[in-house]
1. At 7 Å along the Cα-to-beta-carbon direction for both A:Tyr22 and B:Phe57, put a label point, then send me their distance in nm to one decimal.
2. Tell me, what does the Kirkwood hydrodynamic radius of the protein assembly as shown come to in angstroms if you use every pair of distinct C-alpha atoms?
3. For the range A:133-142, in order, what is each residue's ³J(HN,Hα) by Karplus, 6.51 cos²θ - 1.76 cosθ + 1.60 with θ = phi - 60°, in whole Hz (x at glycine and Pro)?
4. So if we plug the beta-carbon distance of A:Lys130 and B:Lys17 into 1/(1 + (r/R0)^6) with R0 = 22 Å, what FRET efficiency do we get, rounded to 0.05?
5. Select from A:His137, A:His99, A:His39 the residue whose mean-square fluctuation is largest in a Gaussian network model of chain A (Cα-Cα springs shorter than 10 Å).
6. Dividing the Cα radius of gyration by the Kirkwood radius, what Rg/Rh value follows for the range A:35-88?
7. Can you compute the modelled spin-label distance between A:Glu65 and A:Glu108, with each label point 7 Å from Cα toward Cβ, in nm?
8. If the convex hull of the alpha-carbon atoms of chain B is projected onto planes in all directions, what is the mean projected area in square nanometres?
Amino acid sequence: MYFEISETPIDIIERRTRMVQYHAGGYVSFEGWIRDHNHGKEVRSLEYQAYPALAGTEAEKILQEAKDQFAIDDCDVVHRVGHLDVGEIAVWVGVTAAHRGAAFDACEYIIDELKIRVPIWKNEHYLNGKSGWVECHECKKKAIEKGLIHE
Amino acid sequence: MTYQLLYFAMFQDWAGKNEEQFSSAAATPAALYEELCKKYSINYPQRQLRVAVNDQFANWEQPLNDGDRIAFIPPVAGG
């Protein structure tokens, strides 16, 4: 079980291979990709920034919660920081379990919580030359629902 | 007291730096944020932020100590 912040591209095959063990009957993963549009604007690239010390402790809490709540064997997360181009992988979540149901549920839980709680931000660079820090309205709404921040 | 302030995301743009040593009489994160808003003409509402003291999420009203490392955390956007 680990959370890692990476300044270099995430090697999905290598990460997956590290998780292989004979007790698990299934592996579920999620990859978050850089898409070429957001709220109607054409995106050229992104800059991810993290507060590493706090991101690490908060992400590890989320992974522990996933282990406590779901019948899984293992769960890992890697998040990129720095400059990312369209098509690159921003985040990878891997979960192994004896049965697939728990692995799917835990994977969804981890990425959902990460997007609400882990201090990572992105600055979008648009084709028109402008840029801006992204406010994820859906994440903000969920953070309000959880009482982490307020309306 | 002197605090170490860490700036992330839009706070870096507003303050024009990543971090600074900040002398202040403010004794809580809430009071400190109010002071910072005046200094840098920030109008982001405190209620939509979280605050971290010494790399842990903290309460807005908790007493601060000299040398504390403080970061104001705007809504996150990872993933």
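1. 4.1 nm
2. On the way: mean 1/r = 0.0533 Å⁻¹.
Kirkwood hydrodynamic radius for the protein assembly as shown: 18.8 Å.
3. Values, residue by residue: 5, 7, 9, 7, 5, 5, 5, 5, 4, 5 Hz.
4. Working: r = 22 Å, r/R0 = 1.00.
The pair A:Lys130/B:Lys17 has a calculated efficiency of 0.50.
5. Result for chain A, Cα springs under 10 Å: A:His39 fluctuates most.
6. Numbers: Rg = 15.3 Å, Rh = 13.6 Å.
Result for the range A:35-88 is an Rg/Rh of 1.12.
7. Between A:Glu65 and A:Glu108, the label points sit 1.6 nm apart.
8. On the way: hull surface 19.7 nm².
If you wrap the Cα atoms of chain B in a convex hull and average its projections, you get 4.9 nm².
All of the numbers you see were taken from the coordinates with simple rules; none came from a lab. On a predicted model such as this, the values are computed, not experimentally measured, just so you know. Counting neighbours? That spans all protein chains shown, and the Cβs are built from the backbone with ideal geometry, glycine included.
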